[in-house]
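The values are calculated or read from the model by the stated rules, or taken from the named source; none is laboratory data. Since we're looking at a predicted model, the values are computed, not measured. Virtual Cβ from ideal backbone geometry, glycine too; neighbours counted across all protein chains shown. These accessible areas exclude ligands, DNA and RNA; they are computed on the full protein's heavy atoms, side chains included. Shrake-Rupley method; radii C 1.70, N 1.55, O 1.52, S 1.80 Å.
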Amino acid sequence: MKRHANLYFALILMGAVWGAVFPITKIAVSTGHQAYGIIVWQSVIGIVLSGGITLLRGKRLPWAREAWWLFFGIAFFGSLAPNYFSYTATAHLPAGIISIVIGLVPLFAMPISLVLGFEKPSVIRAFGALCGAAAIFLIVGPSASLPDPTKIGYLFLALFAPLLYGFEGNFVTWYGTRGLDAVQILFGASVVGLIISVPMALGFGQMISPFQAWQPEEWAILIAALLNWGAYVGFVWLISKAGPVFASQVAYLITGWGVVWSMLFLGERYSIWVWMAFALMILGVILVQPRETAKG
């Protein structure tokens, strides 16, 4: 029972920290900074923090091919691809809407787990997935749900982020952690992320130089990256301890906190349709809960 309580406490803490990333990131992307440039900063910070902790603990990155496939999977499914879609959409949509979309991670993780045999079919969970679909319909359908209805395309773009996070959790469960802890994994994933994101940022003209007078948007990138790093280490750890579906439940806490922080930090307000979508999404995630709260 105590172990389960600790897992739920980790969920709540991760949700509060991770939820703050969306309104803070909104500050950065609203001034013109783009996805690959932000990902470069995130990767550098991940290398410095994760690498420093790894070395201080007397550990290092393994050079085995199997470990680097793990790093690549984490980097691709958990950072490079979802962050590109999320940051691009955040520049055009309210941060609270992005928070609600990210809350759909468990509803994407569940069918993937079914296909891979990690979970068994359930009518209740299927209904939960329908609730998630209905939530998106409420955001897309009514003309009063989005501040600018012409931005609907960016909403669908944002949906790729929770889909990829759903793949990530199941990838870790399928592939395993290869005996590495969460900090080592994030260290390796940050190295892979930097190797890939630097040429992308340079090629698309999105590189953000740290050698300039820092404005609020640069500080926002740094703070968001630090918060994201801390929450992400916890997320990878939680997957290894409780499985992908349980860990993905952090998404609805991220959503709740993200909406609250967006209202407090950015003064965002939402229509009744968005609030109804939020309620449906929460219901859907609750219904998709795993049979057990932790693995033995």
Legend entry - Flag if S262 is open to solvent by less than 10 Å² (accessible area, probe 1.4 Å) and modelled with pLDDT of 85 or more: yes
Legend entry - Odd one out for G96, checked against (1) crowded, with 23+ Cβ neighbours inside 10 Å; (2) not in a helix (DSSP H, G or I): (2)
Legend entry - Scope the stretch 204-227; condition aliphatic (A, V, I, L, M), part of a loop (DSSP other than H, G, I, E, B) and touching a residue at least 12 places away in the same chain (Cβ under 8 Å); matching residues: M207, I208
Legend entry - Some residue of the stretch 228-239 being in contact (Cβ under 8 Å) with a residue 12 or more places away in the chain, β-branched (V, I, T) and under 19 Å from K59 (Cα atoms): yes
Inset, instruction - Quick one: count up the residues across the stretch 1-55 that are surrounded by fewer than 18 Cβ atoms within 10 Å (Cβ to Cβ), modelled with pLDDT of 90 or more and either small (G, A, S) or more than 22 Å from M207 (Cβ to Cβ) (or both). - result: 3
Inset, instruction - Just give me the residues in the stretch 99-117 being open to solvent by 20 Å² or more (accessible area, probe 1.4 Å) and not in a loop (DSSP other than H, G, I, E, B), in sequence order. - result: F108, P111, I112, L114, V115, L116
Inset, instruction - Quick one: in the stretch 208-241, of everything that is more than 22 Å from P23 (Cα to Cα) and open to solvent by less than 10 Å² (accessible area, probe 1.4 Å), which residue is nearest to the chain's Cα centre (by Cα)? - result: V236
Inset, instruction - Check off (1) assigned to a loop (DSSP other than H, G, I, E, B); (2) surrounded by 14 or more Cβ atoms within 10 Å (Cβ to Cβ) for K120 and give me the number that stays unchecked. - result: (2)
Inset, instruction - Quick one: which residue in G73, G78 is open to solvent by less than 10 Å² (accessible area, probe 1.4 Å), touching a residue at least 40 places away in the same chain (Cβ under 8 Å), closer than 18 Å to I254 by Cβ and among the small types (G, A, S)? - result: G78
Legend entry - Any hit, the stretch 238-254, residues being out of contact with any helix residue (DSSP H, G or I) (no Cβ under 9 Å at 6 or more places or on another chain), outside any loop (DSSP other than H, G, I, E, B) and not charged (D, E, K, R): no
Inset, instruction - Could you tell me whether Y270 is modelled with pLDDT under 90, over 20 Å from the mean Cα position of the chain (by Cα) and either over 21 Å from V44 (Cα atoms) or basic (K, R) (or both)? - result: yes
